[in-house]
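**Q** First, the structure itself, so that you have it in front of you.
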Amino acid sequence: MENPRAKKTCCESIQDFFTSAKLLIYLGHALSTWGDRMWNFAVAVFLVELYGNSLLLTAVYGLVVAGSVLLLGAIIGDWVDRNPRLKVAQMSLIVQNSCVIVCGILLMVVFSFKQQLVEVYDGWLLTTCYILVISIANIANLASTAMSITIQRDWVVVVAGQDSSKLADMNATVRIIDQLTNILAPMLVGQIMTFGSHFIGCGFISGWNLFSMCLEYVVLWKVYQKTPALAVKAGQKEQHEQELKQLSPVKESETGQSPEESSQPLMNAVSPVVMSEAPKKRGCCNQITEPLRTLKAGWEAYYNQSIFFAGMSLAFLYMTVLGFDCITTGYAYTQGLNGSVVSLLMGASAVSGICGTVAFTWVRKKCGLVRTGFISGVAQLSSLMLCVFSVFAPGSPLDLSVSPFQDLYAHTLPEAENLVSVLTGWNITATSAPTEELPSLKSYVSVSLLFAGVIAARVGLWSFDLTVTQLIQENVIESERGVINGVQNSMNYLLDLLHFIMVILAPHPEAFGLLVIISVSFVMAGHIMYFYFAFNRLGHRLFLCCSPEQKVETDNSPSPTNAV
């Protein structure tokens, strides 16, 4: 006879799994990322469409977003550290989704009444709408940055507890969700705009964000309830203790302990909590300059971290043209690849990235976290050697004698091709002129090697990214996770901006080979910095293969909650 108690226990186990904090984190992150990817894809298309197939608004939007995160990353992280976890998550969620909803509604109005808006105040009302859309969208991106820091860099660590393996699995799962939504979400909203209209696309995105905001709010509350440790924050606890001591000085004298003895800072860097108390008794000038002091203290704290070189190594990987962005896609078109082939290559790149996240968890268990980063770097650099070979392979357009500004304003192409040409600064008439011969099989050797290297390098890239992410999670104290990750985001955006500037200085396909060599050099420099970090951490043991039992002794990183 079947034991009803055992059956009930089985049902309860299944219910506990589907309502666990870990699964709810995944659900909330999937909802949030899906909305982000749809909006990031659609807003660029909307701005191009509104400004007459010009990329001016899109370029301005990208510059504003990158510049804002670059300047405000540390301040956003400091705000995350100062406030309770649930308050930060809820405020970021509401601000982000509300801004996207407002932008969607505003864009629907502009698409519906664009002709009328042009005639009002000589078009200044329409220009004001453009400014509002870009400004509100930028606020949404800043709120998304705060949300990413608090959930992916803090909540995940607390939910994982002191289990490093569980933290690695959660980081890998979150990254797989990122990869999948990065492919599927743009496909969905693209189909809606293609078979419907841009007006319908705006309405769908606004409706999705309203639905997602309500559901995410509930999910965050459930995770908070199921994880009591989220209610305890190191900096908040110290501040509360200091306030109690200020309210009860008599008890301090009874215990014989001074405030300095009872609350000592955990690191040499300035604590955000200490900074928040100083301006209370100062004038307006000090309050106005407080963000600057916060920014300075955040960068100093980042520099003083033990994982400084590991974080810098990750930032250097953003200084590259070897990724599936508009630059590499535009170069593919100049080499005779059509949209179908490029989309297949992007799909293969996503699959390669997912393989990298899976490989990360396996290698980390076998070799330890620090060695995983070293192995991932070697794998990425080895793959990128194919890209270097492609520069000198048959079919490469490398010609350094071409002037960077040659034919910069001579774009007389059909609309679809002109968009790619303006987007990258490259003239693609050579591949589409009827007088030219069709590309031979030999001419595809170079571009084939290039994309083979880019796709293969994604395995090492994503594994390395997860390694540095977990190193930051495990080695940064709880009260400074926000500001350190904020500065890390700023560094990533800075190097990303530099790679766009590099393309502006050498915009023609004939110079792309030079950009490839520069990109590989920056990636190599990044991995050299990581090698320096890893060698200081492990010494000669870095090159020794170790068993899981030996790994605990040789690669014993501090626990996420007690790191110093």
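**Q** Considering the zone a paramagnetic label at Glu300 would reach in this model (a point 7 Å from Cα along the Cα-to-Cβ line), which residues of segment 448-491 have amide N under 17 Å from it?
**A** 480, 483-484, 487
**Q** Return the sequence-ordered ³J(HN,Hα) values of segment 461-475 in whole Hz as given by the Karplus equation 6.51 cos²θ - 1.76 cosθ + 1.60 applied to θ = phi - 60°, using x for Gly and Pro.
**A** Result, rounded to whole Hz: 4, 6, 5, 5, 4, 5, 4, 5, 4, 6, 4, 5, 4, 8, 10.
**Q** Determine, from the Cβ-Cβ distance of Leu23 and Val64 and an R0 of 25 Å, the FRET efficiency 1/(1 + (r/R0)^6), rounded to the nearest 0.05.
**A** Between Leu23 and Val64 the formula returns 0.10.
**Q** Also, quick follow-up: Please give the contour-minus-distance gain from Tyr217 to Ala231: 0.36 nm per residue of separation, less the Cα-Cα distance, rounded to one decimal in nm.
**A** Between Tyr217 and Ala231, full extension yields 3.4 nm more.
**Q** Same structure again: Given R₀ = 25 Å, FRET efficiency for Met385-Trp362 by Cβ-Cβ distance, to 0.05?
**A** Efficiency for this residue pair is about 0.55.
**Q** Same structure again: Cβ under 10 Å from Ala21's Cβ, Ala21 left aside: what net charge do those residues give with Lys, Arg +1 and Asp, Glu -1?
**A** Neighbour charge sum, excluding Ala21 itself: +3.
**Q** To continue, here is another question. Could you give each residue of segment 521-535 its phi-based ³J(HN,Hα) in whole Hz, using Karplus coefficients 6.51, -1.76, 1.60 with θ = phi - 60°, and x for Gly or Pro?
**A** Once rounded to whole Hz, the list reads 5, 5, 4, 5, 4, x, 6, 5, 5, 5, 4, 4, 4, 5, 5.
**Q** Same structure, new question: Kindly identify segment 314-375 as rounded, prolate or oblate by the Cα gyration tensor criterion: order the square roots of the eigenvalues as a ≥ b ≥ c, call it rounded if a/c is under 1.5, otherwise compare a/b with b/c, prolate if a/b is larger, else oblate.
**A** Oblate shape, in that a/c is at least 1.5 and b/c is the bigger or equal ratio.
**Q** To continue, here is another question. Give me a comma-separated list of calculated 3J(HN,Hα) values for segment 536-544, in order, Karplus coefficients 6.51, -1.76, 1.60 applied at θ = phi - 60°, integers in Hz, x for any Gly or Pro.
**A** Calculated HN-Hα couplings, in order: 5, 6, 10, x, 5, 5, 4, 8, 9 Hz.
**Q** Let me ask something else. Compute the distance in nm between two label points, each set 7 Å from the Cα along the Cα-to-Cβ direction, one at Tyr532 and one at Asp122.
**A** Taking the two extended label points, one gets 5.6 nm.
**Q** Run the quick spin-label model on Gln115 and Asp399: label points 7 Å from Cα toward the beta carbon, then report their separation in nm to one decimal.
**A** Computed distance between label sites Gln115 and Asp399 equals 4.6 nm.
**Q** Output the pairs from Lys22/Lys296; Lys87/Lys365; Lys22/Lys87; Lys166/Lys226; Lys166/Lys296; Lys222/Lys366 with a Cα-Cα distance over 26 Å in this structure; if there are none, say none.
**A** Lys22/Lys296; Lys87/Lys365; Lys166/Lys296; Lys222/Lys366, as the Cα separations exceed 26 Å there.
**Q** Another question, if that's okay. Provide the gained length on full extension for the span Leu544 to Phe308, in nm with one decimal, where the gain is 0.36 nm per separating residue minus the Cα-Cα distance.
**A** Contour length minus the Cα-Cα distance gives 82.6 nm.
**Q** Need one number for segment 142-238: average projected area of the convex hull over its C-alpha atoms, nm².
**A** 7.8
**Q** Further question on the same structure: Could you state the number of Å between the C-alpha centres of segment 112-131 and segment 284-302?
**A** Using only Cα atoms to place each centre, the spacing works out to 39 Å.
**Q** Under a 5 Å amide H to amide H cut-off, with H placed in plane at 1.01 Å, what residues pair with Val321 once short-range neighbours are removed?
**A** Here Ser519 satisfy the definition.
**Q** Could you compute the net charge surrounding Val88? Neighbours are other residues with a C-beta less than 15 Å from the C-beta of Val88; K and R count +1, D and E count -1.
**A** Around Val88, the surrounding residues sum to 0.
Values in this text are rule-based calculations from the coordinates and carry no lab data. As the structure is a computational prediction, the values presented were derived from the model and not from experiment. Neighbour counts are summed over all protein chains in view; Cβ atoms, including those assigned to glycine, are modelled from backbone coordinates with ideal geometry.
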